[in-house]
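One structure is given here, and the rest of the page talks about it.
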Amino acid sequence: MTRQGVRLDMLAATQHDHFVQDDYARLASVNISTVRDTIRWHLVEPSPGVFDFSSVQPYAAAAHAQRVQVVWDLLHYGVPPHVDTMAPDFAVRFASYAGAVARFLASRTIGTPFYTPINEISFYAWAAAEVGWFHPYLIGRGPEMKRQLVRAWIAAVDAIRAVSPDARFVSVEPLIHIVPPRGRLDWEGQAEAAREAQFEAWDMLVGQRDPYLGGASRYLDVIGVNFYHDNEWEEPGNVRLLWHVLPRDPRWVPFHALVQDAYRRYRRPMVVGETSHVGEGRSEWIREMTEEVVLALHAGVPIEGICLYPILDRFEWEDSTHWHNSGLWDLAREADGTLRRVLNEPYAAALGRSQLRLATVGCK
């Protein structure tokens, strides 16, 4: 939901909901067979306890027909209007929805079912309840919402495993690096505390932090790390360490070093949950990320895949006229309103080279 009260539905905005069969089919042309896709809770549960999977059926059917494995996101920042994320019964409500999804997909899934119950717990809590960027636009309640989301994740995992005991779960969070401003060594502690906060949700899920939430080792399965060009900055001040300016800031820490730190903490299988760049930088970014993943693999980090987000271009959350030009396919509007998929050839060529490179070291 935007501040203007408009519910964002990126699946509809990109017409992916209309062209899902074709969108999944064209993935074969770029050797992709696994995707992350979102189930829209507000459509599935239009009123409390009433579930309607007509919006999910086309995706499940397309995945089956095209032999595409889907990692299903159950909550990607949007809840139905009758759900309050801060209410005491939120975890119960979410688990009921998650269990219903699992029952619907149980007979419609090829192989092992994969889920991301809640996308980016830490970022979601910060954006929605600490600084008021996302609905419900709260200020200063980020820690409270983070614990609400952790409770809901735990309850959802239990509900899904009751239906599909072999289900796997991918917990994705931004992988960040934060440093103090130059010459301000007195702010090192503040910057380090901000950097460490990126691990709070995972620590809660495994029960290392706030064990009263119910966390245990079984609730953290596959770790997904989301990494973009602006994931490193100064704190305080929020001044970004610029990836594209060479020579690069010496305080910039390469991805392979950051991901090794995350792996040492949890010793879980890993994926790059999201990554991409914009415009002409798309090809250079995927080339560099490929080499960074190779370095991480050589260091013993079990990275099993890289997810390009977005695969279809998207617009800015608060400005539907500003398209990012960050997808593997750009979107061109035809006279009849159809958004034609236009493969970005340089990006696709760079992706093909990356796939060949990664195949030599066992990463898909």
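Taking L295, L358 and ordering them by how much accessible surface each has at a 1.4 Å probe, largest first, produces L295, L358.
Here the range 49-121 exposes an accessible surface that is 55 percent carbon and sulfur, computed with a 1.4 Å probe and the other protein chains kept in place. Local charge sum around V301 (other residues, Cβ-Cβ under 11 Å, Lys/Arg +1, Asp/Glu -1)? For residues surrounding V301, the net value is 0. For the range 166-266, the Kirkwood hydrodynamic radius from C-alpha pairs, put into Stokes-Einstein at 37 °C and a viscosity of 0.692 mPa s, yields a diffusion coefficient of 219 µm² per second.
Which residues' amide hydrogens lie under 5 Å from the amide hydrogen of H277, considering only partners 5 or more residues apart or on another chain, with H built in the peptide plane? For H277, whose amide H was placed from the backbone, there are no distant partners under 5 Å.
Measuring nothing but alpha carbons in the range 51-201 and taking Rh as the Kirkwood radius, the Rg to Rh ratio lands at 1.06.
Annotation: amide H of V71 within the under-5 Å range of V35, R36, D37, sequence separation 5 or more or interchain, hydrogens built in the peptide plane.
What's the local net charge at Q190, with K and R +1, D and E -1, over the other residues with C-beta under 13 Å away? Write down the numbers at each step before the final one.
Details: positive: R184, R195; negative: D186, E188, E192, E196, E234, E235.
Summing Lys and Arg as +1 and Asp and Glu as -1 gives -4.
Under a 5 Å amide H cut-off, with hydrogens placed 1.01 Å from N, E120 pairs with V172 among residues at least 5 apart or on other chains.
I'd like the per residue volume of the convex hull spanned by the Cα atoms of the chain, given in cubic angstrom.
So the per-residue Cα hull volume is 147 Å³.
Along its first, second and third principal axes, ordered by size, the range 263-362 spans 51, 28, 19 Å in Cα coordinates. Computed from label points 7 Å out along Cα-Cβ, the spacing between A61 and H244 is 4.2 nm. Think of a 1.4 Å ball rolled over the protein heavy atoms: the chain then has 44 Å² of accessible area per residue. Across the range 30-80, the convex hull enclosing all Cα atoms gives 74 Å³ per residue. Given +1 at the Cβ of Lys and Arg, -1 at the Cβ of Asp and Glu and no other charges, the dipole of the chain around its Cα centre is 860 debye to the nearest 20.
Helical content of the chain, expressed as a calculated mean residue ellipticity at 222 nm, amounts to -11000 deg cm²/dmol (DSSP H runs of 4 or more residues, -39,500 (n - 2.57) each, divided by residue number, nearest 500). Across the range 39-50, rounded Karplus estimates of 3J(HN,Hα) from the backbone phi angles (6.51 cos²θ - 1.76 cosθ + 1.60, θ = phi - 60°) give 9, 8, 4, 5, 8, 6, 10, x, 9, x, x, 10 Hz, Gly and Pro being marked x. Projecting the Cα atoms of F123, L220, A191 onto the dipole axis of the chain, where Lys and Arg carry +1 and Asp and Glu carry -1 at the beta carbon, places L220 farthest toward the positive end. Computed on the range 1-140, the Cα convex hull volume stands at 118 Å³ per residue. Which of the listed residues, V206, Y347, P143, is farthest toward the dipole's positive end in the chain, when Lys, Arg count +1 and Asp, Glu count -1 at the beta-carbon? Farthest along the dipole direction, towards plus: V206. Pairs of C-alpha atoms in the range 74-151 farther apart than 14 Å represent 62 percent of all such pairs.
The values are calculated or read from the model by the stated rules, or taken from the named source; none is laboratory data. Just so we're clear, the structure is a prediction, and the values are computed from it rather than from any experiment. No Cβ is skipped: glycine too gets one built from the backbone with ideal geometry, and neighbour counts run over all protein chains shown. We work out accessible area using only protein heavy atoms, side chains counted, and drop any ligands, DNA or RNA first. Shrake-Rupley method; radii C 1.70, N 1.55, O 1.52, S 1.80 Å.
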